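Chemist: My structure is below; once you've seen it, I'll send some questions.
Bear in mind that the values in this text are calculations on the coordinates, not laboratory data. Predicted model, so just to flag it, every value in this text is computed and none were measured. Please note: Cβ atoms are built from the backbone with ideal geometry, for glycine as well, and neighbour counts cover all protein chains shown.
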Amino acid sequence: MLSVTAYSQWEIGNYVDEFGEETEERFLHQTVSGTFSNSATTNAKCTYFIEHNKDGEVLFISIYPYDRNSKESFYEDTFQDVKIKKPSGELVTIEAFCFDGMIFFGEEEYVQLMDALKERGEYKVSMKYNTDSTQSSYRFKFNN
């Protein structure tokens, strides 16, 4: 794990208990900037907080439009396709669950994501959130 964190922008964090005290349970995380677009804006600044819990085999991406402190609010919980361009240029599409302002990879999707993230270097991520009544798009880059 040290070689991964030395090359990439991943940092190590600890979860906290109900008293706000750090536990022994750790996770990797990084905060990156990108953009988002919807019916009200085009290519607006957006912050993405990526949280990777290897022990729990889940990865969350929290979306903060306009670089604010409040998370995105999706119109409905739904599965959406996330496109990832690997450092080699190969394009991978993985279905992820979108809820509570987050993109969630768990179970089968987590395994697919970990397979896609085996290269070192810069990854580009793009997702279009589409429902019958709304459409938004999100883009960012991160290093692994």
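Chemist: Return yes when SER73 is small (Gly, Ala, Ser) and more than 20 Å from VAL111 (Cβ to Cβ) and no when it is not.
Modeler: On the way: small (Gly, Ala, Ser): yes; more than 20 Å from VAL111 (Cβ to Cβ): yes.
Yes.
Chemist: For the stretch 76-83, check the following and say yes or no: at least one residue is free of Cβ contacts under 8 Å to residues at least 40 places away in the same chain and closer than 26 Å to ASN14 by Cβ. Full working, then the answer.
Modeler: The first filter runs over the stretch 76-83 and keeps only residues free of Cβ contacts under 8 Å to residues at least 40 places away in the same chain, leaving 77, 79.
In the following step, the residues that additionally are closer than 26 Å to ASN14 by Cβ were identified as none.
No, the conditions are met nowhere in the stretch 76-83.
Chemist: What pairs come up if the first residue lies in the stretch 40-64 and is more than 14 Å from LEU113 (Cβ to Cβ) and touching a residue at least 40 places away in the same chain (Cβ under 8 Å), the second is assigned to a strand (DSSP E or B) and of a type in the set (S, T, N, Q), and their beta carbons are under 9 Å apart, counting only those six or more places apart or on different chains?
Modeler: From residues that are more than 14 Å from LEU113 (Cβ to Cβ) and touching a residue at least 40 places away in the same chain (Cβ under 8 Å), the pairs are CYS46/SER33; CYS46/THR35; TYR48/GLN30; TYR48/THR31; TYR48/SER33; TYR48/SER62; SER62/THR47; ILE63/THR47.
Rundown of residues vs (1) in contact with a Lys or Arg (Cβ under 7 Å, 6 or more places away or on another chain); (2) surrounded by 14 or more Cβ atoms within 10 Å (Cβ to Cβ); (3) of a type outside the set (Ser, Thr, Tyr), yes/no style:
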site: PHE97; (1), (2), (3): no, yes, yes
site: GLU109; (1), (2), (3): no, yes, yes
site: LEU113; (1), (2), (3): no, yes, yes
site: GLU119; (1), (2), (3): yes, no, yes
site: LYS128; (1), (2), (3): no, yes, yes
site: SER136; (1), (2), (3): no, yes, no
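Chemist: Here's something else I'd like to know. Name every residue in the stretch 34-91 that is exposed (fewer than 13 other Cβ atoms within 10 Å of the Cβ) and under 21 Å from GLY121 (Cα atoms), in order of residue number.
Modeler: SER88, GLY89, GLU90, LEU91 - these are the residues of the stretch 34-91 that are exposed (fewer than 13 other Cβ atoms within 10 Å of the Cβ) and under 21 Å from GLY121 (Cα atoms).
Chemist: Just the residues that are among the small types (Gly, Ala, Ser) and outside any helix (DSSP H, G or I), please, taken from the stretch 110-135.
Modeler: Here is the first cut: in the stretch 110-135, the ones among the small types (Gly, Ala, Ser) are 116, 121, 126, 133.
Passing the criteria: GLY121, SER126, SER133.
Chemist: Something else about it: Does any residue of the stretch 91-99 turn out to be among the small types (Gly, Ala, Ser), touching a strand residue (DSSP E or B) at 6+ places or on another chain (Cβ under 8 Å) and free of Cβ contacts under 8 Å to residues at least 60 places away in the same chain?
Modeler: Our first condition is that a residue be among the small types (Gly, Ala, Ser); within the stretch 91-99, this holds for 96.
After this cut, where a residue has to be touching a strand residue (DSSP E or B) at 6+ places or on another chain (Cβ under 8 Å) as well, the list is 96.
If we keep only those that are free of Cβ contacts under 8 Å to residues at least 60 places away in the same chain as well, we get 96.
Yes, because at least one residue in the stretch 91-99 is among the small types (Gly, Ala, Ser), touching a strand residue (DSSP E or B) at 6+ places or on another chain (Cβ under 8 Å) and free of Cβ contacts under 8 Å to residues at least 60 places away in the same chain.
Chemist: Related question: I need the full set of residues from the stretch 8-52 which are assigned to a strand (DSSP E or B) and aliphatic (A, V, I, L, M), in order please.
Modeler: Going residue by residue through the stretch 8-52, those that are assigned to a strand (DSSP E or B) are 11-16, 22-38, 41-52.
Selection gives ILE12, VAL16, LEU28, VAL32, ALA44, ILE50.
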